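Have a look at the structure below before the remarks.
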Amino acid sequence: MKEQEGKKLYSLKMRASRAGAHISGAERIVPCAAVPHLAAVMAERALSHSKGKPDFINIKVESAPEPLRIKALNVTTHEASTPEEGWAVARKLLAADEIDRIDEIIALFRETYGMRGAMLLDADTLERLEPDPARGVRATFMDEEGSAEHGFSAEKNHFAEALVLATKVANAPGIVGEICMSDDPGYVTGYVASRRIGYARITCLKEKGDPAGGRIFLYRGPHEKVGETIDYIQKQCVLVEDMPSRPRSAADGGRENVLDGLGRELAEIHTAGLWRTVRERPVGLKSFAGNDYLGLAEDPRVKAAACEAISKFGAGSGASRLVTGTLPPHLELERHLARFKGTEDALVFATGYMANLGTISAFVGKGDAVFSDELNHASIVDGCRLSKADVFIYRHNDMDDLAAKMSQAGPHRRRLAVSDAVFSMDGDILDLPRFLELCRANGVISMIDEAHATGVMGATGHGLCEHFGTGHPDILMGTLSKALGSEGGYVCASRTVCDYLRNRARPFIFSTAHNPGSAAAADAALAILEGHPELARAVREKARMFAAGLSALGIPAKTESAIVPVMVGDERKAMEIAARLESEGFLVPAIRYPTVAKGAARLRVSISAASCDDDIRALAAAIARIGTAL
Ligand code: WAQ
Ligand code: MG
């Protein structure tokens, strides 16, 4: 019973417009279970159309009538390099189909431009038969058989959609032919079709960039019966079987064919509640979402430093660091980072991800060993994978397990242990003293990632070594994109380590140098942090206050840094809470697999020195209220 229900067919029709002008439309017929994902894909298609953002999107879901299953028309492709050549091909094909007044019909074609539907024309007398000539006749209730299993793409597949329509219409009573040209300015392939011709693609019917497009259905038969034809075209549900794979022509190179299957995977992602979209950051919300822990990304001094460096040195650095990309802001920043962290030398990468990828893969390789915390950031995980070293993953922050793994590991040339200093999705901190001690005792290179520690941990924001009062690890990595308000990654270490990276870290060697504006901005932020050592303590204090407030309201939360995870578990529930918080004016991200384990979804609240105490209290109250109600 339940299964039957899941298979019941629905028609989904999407229509998007702006100021009343049509932008995009689509229809699919799918089983009940595929409806939610498809509705999302349709909305996405509407929102990303090349004609611009719609102000109105209508997605209509209705139960589909009993379908007729019809085999797809036979497809042929006719190459044409100009519209003239293309229309000559169309004439020849239609002539072979006993349509005589072809030139007059083609002359009428331009009258269909701008119509939402197709012109329905008596093939012999050229009378127009559609009840509403301004709108035309619209074919609906049609799709490929099994389209849900093939998956959907937010991109329009002109060929497949047109072949479905042409197959349905060619099988309508009295229809003897069809002519079609897309109104998509970028799509110049059109077609003529009938049961006899099949689906004949013509690779050029108009110039690229031309927004003209239209359709004619040709009818032959008694006019009293045209109503049946229109009914069939508009209401009969048709599923087209045996759709060919995407045609390979000079125009599309078979590209869509190669990408079949991606849509199915996306549908699975959606069904699991793991669908992700890129969206513009909403404005006007109280943000507890980013990593700008000290509010320095918005600081006028930091912004001015970036602008000044860009006007002096250019918008891009123009080459890799080792060629001609090294500019004064890079060297200044590296000097200051080394001084700030108390190391001999420092090296800046274009991103934190690259710093981890490049450093780990430079230090260990085949035959080496790397020990990595199970909750380390993806860039560390990817660095370990790229290195081809044997990877030993130890339980989160469990130094006994790390010790055990170190003694289990066989003879390796070089060994490296790497850990986040502050864990980005949990907000807890590495047991650095024991970590360093284990590395020292076992002859293992130590590396920590201070992405979320710099500017936050330690009495004056110098990081985890200051917090614990320990010495440095061999490799101290961090980012410029969090408390330092800019972007990029860095390694602070001995001269030897940094020289080694300059010669061996491929992301450093083969990336264009870090943007000079970003370098100067980070440098300015670092100067502010050095001038205001109280900022780090302030942000941690606020985060502790938030966690305590939440706990007092019955939602357990704790933190040692600026990050406060609020555990939810279920992915959809986490998304729902985040959406409700947003409607109350708070921006808080829901974090799901693969960023965290499946079933360990959470809200990730990040506190900034710029967050005000009233907002922090209000957020705790809102989370407690929404979380308890759900
Ligand atoms: N029913 C009737 N007419 C329609 C419909 C419909 N459901 N949808 C569109 N039209 C009319 C309308 O006047 C449009 O301006 C015109 O057809 C063109 O529609 O094998 O994309 O959706 O690669 O822009 C041909 C593919 C693509 C050739 C055609 O048409 C190939 C296309 P569009
Ligand atoms: Mg179109």
Conditions (1) in a loop (DSSP other than H, G, I, E, B); (2) surrounded by fewer than 20 Cβ atoms within 10 Å (Cβ to Cβ): number failed by V61:
(1)
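So that you can scan it fast, the table gives a plain yes or no per residue for (1) among the aromatic types (F, W, Y); (2) more than 20 Å from L484 (Cβ to Cβ); (3) at pLDDT below 95:
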{"site": "I528", "(1), (2), (3)": "no, no, no"}
{"site": "G549", "(1), (2), (3)": "no, yes, no"}
{"site": "M567", "(1), (2), (3)": "no, yes, no"}
{"site": "I577", "(1), (2), (3)": "no, yes, no"}
{"site": "F586", "(1), (2), (3)": "yes, yes, no"}
{"site": "P589", "(1), (2), (3)": "no, yes, no"}
Over the range 160-179, the set of residues within 10 Å of ligand 1 (Cβ to nearest atom) and either under 12 Å from V240 (Cβ atoms) or surrounded by fewer than 23 Cβ atoms within 10 Å (Cβ to Cβ) (or both) is A160, E161, A162, L163, V164, L165, A166, K168, V169
Would you confirm whether or not the range 177-185 contains a residue that is part of a strand (DSSP E or B), within 16 Å of ligand 2 (Cβ to nearest atom), β-branched (V, I, T) and at pLDDT 95 or above?
yes
Return a yes/no flag: does the range 194-201 have any residue that is within 12 Å of ligand 1 (Cβ to nearest atom) and either without any contact (Cβ under 8 Å) to a residue 40 or more places away in the chain or among the charged types (D, E, K, R) (or both).
yes
Out of the residues in the range 1-41 that are away from ligand 2 (no atom under 16 Å from the Cβ) and within 22 Å of Y113 (Cβ to Cβ), which is modelled with the lowest pLDDT?
G20
Can you find a residue that is more than 21 Å from T140 (Cα to Cα) and among the charged types (D, E, K, R) anywhere in the range 14-25?
yes
Residue satisfying all of: in the range 131-152; touching a residue at least 40 places away in the same chain (Cβ under 8 Å) and farther than 19 Å from S11 by Cβ; farthest from ligand 2 (Cβ to nearest atom) among these
P131
In this structure, does M545 turn out to be under 24 Å from the mean Cα position of the chain (by Cα), outside any strand (DSSP E or B) and not charged (D, E, K, R)?
no
In the range 334-344, anything touching a strand residue (DSSP E or B) at 6+ places or on another chain (Cβ under 6 Å) and in a helix (DSSP H, G or I) is listed as E334, L337, A338, K341
Anything in the range 536-571 that is farther than 25 Å from K598 by Cβ and among the hydroxyl-bearing types (S, T, Y)? List them, or say none.
S551
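The values are calculated or read from the model by the stated rules, or taken from the named source; none is laboratory data. Just so it is clear, the model here is predicted, and its values are computed rather than measured. For neighbour counting, all protein chains shown are included, and Cβ atoms are generated from backbone atoms with ideal geometry for every residue, glycine included.
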